[in-house]
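Only one structure is covered here, and it is reproduced in the block below.
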Amino acid sequence: MAVTTIKTTYALDVETVRALEDMARRWKVSKSEALRRAIRAAASEGSQEGNDTIVALNELQRSLNLSPAKARTWARRVRTERRESSMQSKVPGG
C-alpha cells in the first residue's frame, strides 16, 4: 500500500533545524521522518493532557462529595440567578 506524502515548506529558526538534524542523526532517519515522529509524539501528549484534565475534574468532584442531586440543585440555582441578573439588566436603571 502506497503512503501518500504532501510536500510542504516551513520556516524554522536555526536552533530548531539543528535540533531536528540532531534527532534525525540519533534515530538514523531522515529529517522528514524525525519531524513526523516528533509531531506524532506531541499530538499523543496533547490527547493525554485532555485525559489528565478529566481525571483532575473527577477528583475535584469526588473531593466535594458532589452527588448528581447536589449538581442538579447547583445548576438550577445558577440558572435562576442568571435569569434574574439578565432581567435586571433589561430594566431601565437596573
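Worth pointing out:
- Flag if residue 72 is modelled with pLDDT of 85 or more and touching a Phe, Trp or Tyr at 6+ places or on another chain (Cβ under 8 Å): no
- First in the range 7-26 and of a type in the set (A, V, I, L, M), second anywhere and part of a loop (DSSP other than H, G, I, E, B) and surrounded by 11 or more Cβ atoms within 10 Å (Cβ to Cβ), Cβ under 8 Å, 6 or more apart: 20/12
- Verdict on residue 36 being assigned to a helix (DSSP H, G or I) and more than 25 Å from the chain's Cα centre (by Cα): no
The values are calculated or read from the model by the stated rules, or taken from the named source; none is laboratory data. Since the structure is predicted, the reported quantities are computational estimates derived from the model, not experimental observations. Methodologically, a virtual Cβ is constructed for each residue, glycine included, from the backbone with ideal geometry; neighbour enumeration extends over all protein chains shown.
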